[in-house]
Amino acid sequence: MPVYLISGGTGSFRQRCAKTLLAEGDPQKLIIFSRDEYKQHLMQEEMPDKRLRFFLGDVRDPTRLSRALRGIDYVIHTAALKRVEKVEYDPIEAVLTNIVGTMNVLNACVEADVKRAVLLSTDKAVMPINLYGGTKMVAERI
């Protein structure tokens, strides 16, 4: 049975993805990797499944990612700063999370011999008119 990890796994889409994987994917384990301990707590209470595990960490931290990805078969990389107005105000933070974080996930996946990794992107990456779309376009290229 496969082991999955969802980066940024406490957001609304990620929770739906986790529910679907637990119901239909029959994972041995599903690890939610995020830096939001409170949302992890809420998610754990809402979804009391013994296959669901939580790992505090940030995609900006390659050492923590390497540790989290040991024994993982599949990665769904959804961690990103997504609020356009926040990204425009703090562009360096967006670059560090959306671009450097994606590079860190990719490198950790290669190191851990992950079978497959997928990136959740956005339509705003197609012809970016703002920084958010630009960072996601670069993440797609990575």
### Label zone at ASN107, where the point sits 7 Å out along the Cα-to-Cβ direction: the range 63-79 residues whose backbone N lies under 20 Å
63-72, 75-79
### Summary
In order over the range 130-142: 3J(HN,Hα) from phi, Karplus 6.51/-1.76/1.60, θ = phi - 60°, whole Hz, x for each Gly or Pro, gives 9, 5, 4, x, x, 5, 6, 4, 5, 4, 4, 5, 4
### Message
I need the phi-derived Karplus couplings for the range 58-64: 6.51 cos²θ - 1.76 cosθ + 1.60, θ = phi - 60°, integer Hz, Gly and Pro marked x.
### Response
10, 5, 6, 9, x, 5, 5
### Summary
Measure of exposure for MET103: accessible area at 1.4 Å probe, Å² rounded to 10, is 80
### Summary
Spelling it out for ARG53: with amide H atoms placed in the peptide plane at 1.01 Å from N, the residues 5 or more places away or on another chain with amide H under 5 Å from its amide H are LEU30, ILE31, ILE32
## Note on the structure
Inter-part gap, Cα centre of the range 21-42 to Cα centre of the range 85-142, in whole angstrom, is 21
### Summary
For the range 26-80 the trypsin sites (Lys or Arg not before Pro) that pass both the DSSP coil test and the at-most-14 other-Cβ-within-10 Å test are LYS50, ARG70
### Query
Quick one: helix 101-111 against the long Cα principal axis of the chain, what's the angle to the nearest 10°, folded into 0 to 90?
50
### Message
Give me a comma-separated list of calculated 3J(HN,Hα) values for the range 84-89, in order, Karplus coefficients 6.51, -1.76, 1.60 applied at θ = phi - 60°, integers in Hz, x for any Gly or Pro.
### Response
3, 5, 6, 5, 5, 6
### Query
With the other protein chains left in place, how much accessible area per residue, in square angstrom, belongs to the range 41-89 at a 1.4 angstrom probe?
61
## Note on the structure
Taking the range 22-142, the lysine pairs whose C-alpha atoms sit under 29 Å apart (8 or more places apart or on different chains) add up to 20
### Query
At 222 nm, what helix-only mean residue ellipticity would the chain give, in deg cm²/dmol to the nearest 500, using -39500 (n - 2.57) for each DSSP H run of four or more?
-11000 deg cm²/dmol
### Message
Starting from a Cα-only point model with no solvent, please compute log10 I(q)/I(0) by Debye for the range 84-134 at q = 0.13, 0.21, 0.26, 0.30 1/Å.
### Response
-0.38, -0.80, -0.99, -1.12
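The values are calculated or read from the model by the stated rules, or taken from the named source; none is laboratory data. This structure is a prediction, so every number in the text was calculated from the model and none was measured. Here the Cβ is made from the backbone with ideal geometry for all residues, glycine too, and neighbour counts use every protein chain on show. Keep in mind that these areas ignore ligands, DNA and RNA; they rest on the heavy atoms of the full protein, side chains included. Shrake-Rupley method; radii C 1.70, N 1.55, O 1.52, S 1.80 Å.
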